[in-house]
Amino acid sequence: MSPLKVRPRRTRQSDTWRRMVRETHLRPEQFIYPMFVVPGSGVRHAVQSMPGIFQLSVDEAVKHAREVAAGGVTAVLLFAAPERKDAKASDARDREGLAARAIAAIKKALPALMVWADVCLCGATDHGHCGHVTPQGRIDNDTSVATLAEVALNYARAGADAVAPSDMMDGRVAAIRALLDQEGLSEVPIVSYAAKYASSFYGPFREAAESAPAFGDRRSYQMDPANGREALREVLLDVEEGADLVMVKPAGPYLDVIRQVRDAVRVPVVAYQVSGEYSLIRAAAERGWIDERAAVLETLTGIHRAGADLIISYFAPQVVAWLRA
Ligand code: PBG
């Protein structure tokens with residue numbers, strides 16, 4: 001007689017069993033696809049450090065958005081890299097600025113595609129920091145927050161379905177909520193990058209968004225990767241200030257944070273699988289060192305299992321295609 005009464009392998013012995021007892025399922029609606037918009041027309045410029053990702057002019061962004069929407073992607077997250085960069089982040093506040101034009105063009109062409117707009121100053125400032133810089137070279141939190149609210153208002157007026165502040169200034173969610181409400185846009189949700197870490201994994205993005213800081217780094221506003229409790233503090237504050245969804249970013253190295261956040265709040269939790277997480281998998285796959293499809297699905301399943309309801313990923317179109325196949 002067998003000495004083992006308990007054998008967990010019994011429910012692993014066939015694909016049917018495995019499918020029946022599977023705990024975590026990925027759905028197409030969970031994925032948000034980031035896109036990078038640049039000036040000009042007819043521009044489709046490959047991002048070297050992110051194979052498969054392109055900087056697109058507004059017309060090309062509309063075309064690409066149409067393709068991914070036809071493939072089943074429900075939402076995109078827009079980043080703009082305008083030509084005009086100055087201390088005031090003028091382009092981001094301008095109704096005729098690059099981001100606002102891209103939002104309006106995509107919504108006009110594809111009303112059913114959800115467009116989230118990343119709200120930050122780094123792409124539109126000459127110094128590349130996410131807030132205003134004082135003559136002493138410090139980040140001026142409170143004037144930055146006022147500008148960020150104007151940027152969010154500009155994007156909401158352009159038709160964004162949600163605004164997503166990624167700057168990590170204190171108090172920006174409350175300021176954005178107040179201004180949107182005052183201007184009759186109380187129905188536009190705020191997706192807060194609530195626990196955003198100062199991460200080495202943003203490297204490839206800075207090529208795509210042309211947003212690397214000209215001096216210093218972002219550690220006075222983005223979080224120290226060593227801190228977990230502080231993430232809860234940030235997230236709870238943002239919920240109190242009116243965030244409709246909260247984000248943890250990056251995703252893969254912060255699964256414990258995602259889990260703690262999921263357990264601590266009642267709003268949907270979003271995780272951002274960032275550029276470096278994408279590029280690592282792509283680079284290894286290109287060399288034949290890893291099975292790309294298996295690796296992508298495993299990382300995304302892990303992020304969802306950790307507690308992320310929604311996932312922002314550069315793999316979104318590919319994953320949605322796999323899930324629908
Ligand atoms: C800018 C911003 C960054 C990302 C999203 N918004 C970069 C940064 O903070 O330097 C990173 C996204 C990615 O790496 O995919 N506020």
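Heavy atoms of the protein chains alone define the surface here; on that basis the chain has 46 Å² accessible area per residue at 1.4 Å probe size. Between Ala194 and Met247, the built amide H atoms are under 5 Å apart, and every one of these is 5 or more places off in sequence or on another chain. Along region 254-262 the Karplus relation, 6.51 cos²θ - 1.76 cosθ + 1.60 evaluated at θ = phi - 60°, assigns HN-Hα couplings of 10, 5, 5, 5, 4, 4, 5, 5, 4 Hz to successive residues, with x for each Gly and Pro. DSSP beta bridges fully contained in region 73-204 are about 20 percent antiparallel. Taking amide H as placed 1.01 Å from N in the peptide plane, Ile312 has its amide H under 5 Å from the amide H of Ile32, Ala271, Tyr272, Gln273, each at least 5 places away in sequence or on another chain. Within the listed set Pro82, Pro111, Pro165, the residue fluctuating most in the Gaussian network model of the chain (springs between alpha-carbon atoms under 10 angstrom) is Pro111.
Of Lys63, Lys196, Lys249, which is the most mobile in a GNM of the chain whose springs link Cα atoms less than 10 angstrom apart? Per the Cα network of the chain with a 10 Å cutoff, Lys63 tops the list. Taking every DSSP bridge with both residues inside region 26-324, close to 15 percent are antiparallel. Overall, the accessible surface of region 26-324 at a probe of 1.4 angstrom is composed of carbon and sulfur to the extent of 51 percent.
In this view, the solvent-accessible surface of Thr16, computed with a 1.4 Å probe and all protein chains in place, comes to about 80 Å².
The listed residues His64, His129, His25, once ranked by accessible area (1.4 Å probe) with the largest placed first, stand as His25, His64, His129.
Please identify, among Gln182, Gln273, Gln30, the residue showing maximal mean-square fluctuation in a Gaussian network model of the chain using a 10 angstrom Cα cutoff. Among Gln182, Gln273, Gln30, the largest mean-square fluctuation in the Gaussian network model of the chain belongs to Gln182.
Here the 3J(HN,Hα) profile of region 197-209, calculated from phi with Karplus coefficients 6.51, -1.76 and 1.60 at θ = phi - 60°, is 8, 6, 10, 5, 6, 8, x, x, 4, 5, 6, 5, 9 Hz, Gly and Pro shown as x.
Per residue, the chain reaches -12000 deg cm²/dmol at 222 nm when only DSSP H runs of four or more residues are counted, each adding -39500 (n - 2.57). The GluC sites (Glu not before Pro) of region 62-168 that DSSP puts in a loop, and whose beta carbon has at most 15 other beta carbons within 10 Å, are Glu83, Glu96.
The values are calculated or read from the model by the stated rules, or taken from the named source; none is laboratory data. Remember, it's a predicted structure, so these values are computed and weren't measured experimentally. Cβ sites come from the backbone with ideal geometry, for glycine too, and all protein chains shown count toward neighbours. Surface accessibility is based on the protein's heavy atoms, side chains included, excluding ligands, DNA and RNA. Shrake-Rupley method; radii C 1.70, N 1.55, O 1.52, S 1.80 Å.
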